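Notes follow once the structure below has been shown.
The values are calculated or read from the model by the stated rules, or taken from the named source; none is laboratory data. Being a predicted model, the structure only gives us computed values, none of them experimental. When we count neighbours, we look across all protein chains shown, and the Cβ atoms used for this are built from the backbone with ideal geometry, even at glycine. These accessible areas exclude ligands, DNA and RNA; they are computed on the full protein's heavy atoms, side chains included. Shrake-Rupley method; radii C 1.70, N 1.55, O 1.52, S 1.80 Å.
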Amino acid sequence: MWRDAPKAYGPHKTIYNRFIRWSRLGGYDANSLRKTLRENGTSPVIPGRRNRKRAIRYDRQRYRSRHLIENAFCRIKDFRRVATRYDKLAANFLSAVALATAIAFWL
């Protein structure tokens, strides 16, 4: 929840508005983000926006795999116990994640 953000970030409504504005601008396609990722030894697998002047080349197969992993995490987070992390102990939380994974992908 936006209300849980640190007070140093400002009012929760302002944080929310900035996030929405950033999302609409396509913040994942920023050159500065790509540069930071490369400097940290990570190769970005982010497709460019269609209106870019210079097209961005990326590995479509790796992007497809990345997308599947993100979808899997979203599916696991549908389980309230995992999304809110009620468990205080890491072992109990891992058990809840394992159960959620088994139910989400096996049944």
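Between a first residue in region 50-67 that is in a helix (DSSP H, G or I) and a second residue that is surrounded by 11 or more Cβ atoms within 10 Å (Cβ to Cβ), which pairs have beta carbons less than 6 Å apart while being 6 or more apart in sequence or on different chains?
ARG62/VAL45; TYR63/VAL45; ARG66/VAL45
Would you check which residues across region 56-107 are aliphatic (A, V, I, L, M), within 30 Å of SER32 (Cβ to Cβ) and loosely packed, with under 12 Cβ neighbours inside 10 Å and list them?
Hits for region 56-107 are LEU68, ILE69.
When you scan region 9-52, how many residues do you find that are among the hydrophobic types (A, V, I, L, M, F, W, C) and open to solvent by 100 Å² or more (accessible area, probe 1.4 Å)?
The number of residues fulfilling the criteria is 2.
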